[in-house]
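Just so it is clear, none of the values below were taken in a lab; they were calculated from the coordinates. Everything quoted here is computed from the prediction, not taken from an experiment. Virtual Cβ from ideal backbone geometry, glycine too; neighbours counted across all protein chains shown.
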Amino acid sequence: MTCDLDKLFYADNSPIHGQGLFTKCDIKAGHYLGEYDGPTVTENDTYVLWVQVEDGNWIGRDGHNLLRYINHNPRPNAEFQGYELYALTDIPADAELTIDYGAEFHP
């Protein structure tokens, strides 16, 4: 699946933290939003997304596209399935896109 992230999102100052990712248009629940793109890494850093694979190992990807600006919310409006992002809820234009960083995240 491919998706032109620049058509759906923009980065701007976030009331949650630093920069955030905002929608340019209304998005329906279940809509495919894009893939977290970047090189595979073995060490954690600011924009690394870790995904557990079938054998139980974890693979990190250092985000190099707009999706790296997604902030945490314990009640998110989007979620990753592997490195692919989907809308959990209907999301209005100019809303900040959020995911749940998981139980190990401590703000």
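Measuring spread by the Cα atoms of the chain yields a radius of gyration and Dmax of 13.3, 39 Å. For GluC sites (Glu not before Pro), the sites in the range 49-107 that DSSP calls loop and that have at most 12 other Cβ atoms within 10 Å are GLU54, GLU104. Tell me, what ³J(HN,Hα) does each residue in the range 25-31 have, in order and in whole Hz, if you take phi through Karplus 6.51 cos²θ - 1.76 cosθ + 1.60 with θ = phi - 60° and put x for Gly and Pro? Once θ is set to phi - 60°, the couplings for the range 25-31 become 8, 5, 10, 8, 3, x, 5 Hz. Each residue of the range 47-58 is assigned a 3J(HN,Hα), and the resulting list reads 10, 8, 9, 9, 10, 7, 9, 3, 7, x, 6, 10 Hz, derived from the Karplus form 6.51 cos²θ - 1.76 cosθ + 1.60 (θ = phi - 60°), x at Gly and Pro.
Dipole of the chain computed with +1 at Lys/Arg Cβ and -1 at Asp/Glu Cβ about the Cα centre; of ALA93, ILE16, ASN71, farthest Cα towards the positive end is ALA93. With a simple spin-label model that places each label point 7 Å from the Cα along the Cα-to-Cβ direction, the separation between LEU88 and ASN65 comes to 2.1 nm. Basic side chains Lys and Arg get +1 at the Cβ, acidic Asp and Glu get -1 at the Cβ, and with that the dipole of the range 5-99 about its Cα centre reaches some 240 debye. The ranking of TRP50, TRP58 by Cβ neighbour count inside 10 Å, starting from the fewest, reads TRP58, TRP50.
Residues whose amide H falls under 5 Å from that of ILE70, counting only those 5 or more places apart or on a different chain, are absent, with hydrogens built in the peptide plane.
Spin-label model, ASP26 to HIS72: label points 7 Å out along the Cα-to-beta-carbon direction sit 3.3 nm apart. Estimated from helical segments only, the mean residue ellipticity of the chain at 222 nm is -500 deg cm²/dmol, where each DSSP H run of four or more residues counts as -39500 (n - 2.57).
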